[in-house]
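Below is one structure, written out as structure tokens; comments come after it.
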Amino acid sequence: MSPPSASPVGPDGYRSGFACIVGRPNVGKSTLLNALIGSHLAITSDRPQTTRHAIRGVVHSDGGQLVIIDTPGLHKPRTLLGKRLNDLVRATWGQVDVLVQCFPADQKTGPGDRLIAKESAAAHRGTRVGVVTKTDLADPETVALRLLEVQRLGEETGRPFDDIVPVSATTSDNVDTLRDILIADLPEGPPLYPEGQITEEPERVLIAELIRETALAGMTDELPHSIAVVVEDLAYREGRRDDDPLLDVTAFLFVERDSQKAIVIGAKGSGIRRIGSESRRRIEELLGTRVFLDLRVKVAKDWQRDPKQMNRLGF
């Protein structure tokens, strides 16, 4: 796994490389990525299986540069989409220098955690770090019990975790400590990205994910897995003054059934207006420019089970 091109050689002892965050759904992987890079890059939700892409974030420090990859939650797939997301996770963890497995402090380790620990131990030969997340949701005694569970789980795989760190991404507790540990585990090498760059994800992907995150807020349980977003057009409007640019964005929000389309649009268009207005504001914050967002809702019947439609939607 490599970036497009390496930057100039760093100082002696400088470290650079890749890590991926893995775990079952809804254990705080995306929130942890955002905390490590200091920016809202990966979308978050309290619903499982929100992440659908391996999003790369770049963590900069004086001593090194960490490219950290957020992956979808490994789960028992019920659709072709679920299978493809699991395949993406397994392909990613075999290519990085450091593997980070997350375990929420407010839940006991279970069969899903053991499966991931066992599979990743066999597939990934580099450093393994166990992270107990969401420590703000548990008392100190529970956090201590969870740390012991993670230690035993690593020992059961025959490859104990090299480090085990309790973290709250919400309160930033121990986030800096984890960052320093991960960078120290990387091989020596030059910086891989220019100073200040926090991702290599295309603007289209970031905008589509931002719209999907906005759409998920307040949705019924029926909808989250059925929503996909594709940015069709992205261009600055011609004829504008240089000091007053306007970015035209055309995006399609896909659902699987007509009944879902009606839910997204809402009574008298209230739902789609909310999604469009909030998304436009957040896109402007992300890109630092004024935006005209043309957001449309379409039905792609049972797209999660249709290979052709999934390919068209970018999965």
query = With respect to Phe18, is the statement that it is aromatic (Phe, Trp, Tyr), farther than 23 Å from Glu156 by Cα and either modelled with pLDDT under 85 or in contact with a Lys or Arg (Cβ under 9 Å, 6 or more places away or on another chain) (or both) true?
reply = yes
query = Is it the case that some residue within region 161-172 is of a type outside the set (Ser, Thr, Tyr) and either under 30 Å from Gln309 (Cα atoms) or at pLDDT below 95 (or both)?
reply = yes
request  = Hey, could you check region 57-68 for residues that are under 14 Å from Ile21 (Cα atoms) and either in contact with a helix residue (DSSP H, G or I) (Cβ under 9 Å, 6 or more places away or on another chain) or among the small types (Gly, Ala, Ser) (or both) and say which is modelled with the highest pLDDT?
outcome  = Leu66
task = May I ask you to verify whether Leu186 is crowded, with 21+ Cβ neighbours inside 10 Å, part of a loop (DSSP other than H, G, I, E, B) and touching a residue at least 12 places away in the same chain (Cβ under 8 Å)?
result = yes
key: Sole exception among (1) more than 23 Å from the chain's Cα centre (by Cα); (2) surrounded by 16 or more Cβ atoms within 10 Å (Cβ to Cβ); (3) within 29 Å of Ala122 (Cβ to Cβ) for Val132, by number   = (1)
request  = For region 109-125, state whether one or more residues are under 19 Å from Leu182 (Cα atoms) and either basic (Lys, Arg) or outside any helix (DSSP H, G or I) (or both).
outcome  = yes
ask   = What single numbered condition from (1) under 14 Å from Gly23 (Cβ atoms); (2) without any contact (Cβ under 8 Å) to a residue 60 or more places away in the chain fails to hold for Leu147?
value = (1)
query = Among the residues of region 156-173, which ones are without any contact (Cβ under 8 Å) to a residue 60 or more places away in the chain, farther than 17 Å from Gly110 by Cβ and not in a loop (DSSP other than H, G, I, E, B)?
reply = Asp163, Ile164, Val165, Ser168, Asp173
note = Among Pro245, Pro224, the single one that is modelled with pLDDT of 85 or more and not hydrophobic (A, V, I, L, M, F, W, C) is Pro245
query = With respect to the numbered conditions (1) surrounded by 16 or more Cβ atoms within 10 Å (Cβ to Cβ); (2) touching a strand residue (DSSP E or B) at 6+ places or on another chain (Cβ under 9 Å); (3) of a type outside the set (A, V, I, L, M, F, W, C), which one is the sole condition not fulfilled by Gly112?
reply = (2)
Tally of residues being more than 24 Å from Leu206 (Cβ to Cβ) and surrounded by 15 or more Cβ atoms within 10 Å (Cβ to Cβ) across region 258-287 = 4
Hits in region 288-315 - residues which are surrounded by 16 or more Cβ atoms within 10 Å (Cβ to Cβ) and assigned to a helix (DSSP H, G or I) = Trp303, Gln304, Gln309, Met310
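The values are calculated or read from the model by the stated rules, or taken from the named source; none is laboratory data. Nothing here was measured: the structure is a model prediction, and the numbers come from that model. Virtual Cβ from ideal backbone geometry, glycine too; neighbours counted across all protein chains shown.
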